[in-house]
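I have placed the structure first, in the form of structure tokens, so that the comments after it can refer back to it.
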């Protein structure tokens, strides 16, 4: 059965979705953003990255509304002025750090303004620096001063099974006091319970004055599934796991093969579609 799809806003994840593995915005992706704008549709982005780590995307994508960094932990305008921020409570931040270090994950702490690490040459620090375009601050140890301002705590390991297991453990132990999910196979992000991509959908619904069912979402990781479930239509990238794909309304190509641009043209700009179940 055919039905009219009334999409007013496309909310996109960044890494693994909008950009390639080399963190590049392709010309096709930029062109798709222009096509969305010309069709009168808004484009918004959300990521586990800090807001300043997404600033390089604002101009090429012609973003004109709120940007959700830290999976919704900090919402900013396009000039990076803060609209709202959600920090972890101190007890939960302490518990999160202890959980990660006890299981031999490295840990990073992000505040609204800074990124703190303990080891300059730790795995993925150089990659993250290249991605977000600013340097971490190295500290001998994390203190309550850092934890009291924590917007996101990241557990890092190249033991991907360990990260997946710690995700489940954090969700069980932290419960409703935090949101815990993998933003990459090697990153476990822990944020305020209201800082998750599902909440981003409801927040941006109010910000852009559109209904949640008028929002389409696109992403590739388990932390994107929350926004899939809150939006009217969801698209999984071809590089997603089968688990993530199974939670989406549709699946597009990979981020290395213009999956975002193809999804915009096939699923978002097309005026009708076959009725899809989740």
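The values are calculated or read from the model by the stated rules, or taken from the named source; none is laboratory data. Here the structure is a predicted model, which means the values were calculated and not measured. Note: ideal-geometry Cβ built from the backbone for every residue, glycine included; neighbour counts use all protein chains shown.
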Here is a list of conditions, (1) within 19 Å of the chain's Cα centre (by Cα); (2) at positive phi, and residue 40 meets all of them except one; can you say which number that is? (1)
Can you confirm whether residue 73 is surrounded by 15 or more Cβ atoms within 10 Å (Cβ to Cβ), in the same structural domain as residue 266 (by TED's automatic domain parsing) and at negative phi? yes
For the stretch 234-269, which residues satisfy the criterion of being within 19 Å of residue 5 (Cβ to Cβ) and part of a loop (DSSP other than H, G, I, E, B)? 247, 248, 249, 252, 269
Is it the case that some residue within the stretch 22-32 is over 30 Å from residue 187 (Cα atoms), in a helix (DSSP H, G or I) and over 16 Å from the mean Cα position of the chain (by Cα)? yes
Taking the stretch 203-216 as the region of interest, how many residues are more than 20 Å from residue 78 (Cβ to Cβ) and either modelled with pLDDT under 95 or outside any helix (DSSP H, G or I) (or both)? 2
Out of 45, 58, which single residue is assigned to a strand (DSSP E or B) and either over 19 Å from residue 211 (Cβ atoms) or at pLDDT below 95 (or both)? 45
Tell me whether the stretch 144-157 contains one or more residues that are surrounded by fewer than 20 Cβ atoms within 10 Å (Cβ to Cβ), closer than 23 Å to residue 83 by Cβ and more than 14 Å from the chain's Cα centre (by Cα). yes
Selected residue [out of contact with any strand residue (DSSP E or B) (no Cβ under 7 Å at 6 or more places or on another chain) and at pLDDT 95 or above] from 92, 96: 92
Residues being surrounded by fewer than 18 Cβ atoms within 10 Å (Cβ to Cβ) and either more than 19 Å from residue 157 (Cβ to Cβ) or in contact (Cβ under 8 Å) with a residue 12 or more places away in the chain (or both) - total across the stretch 96-105: 2
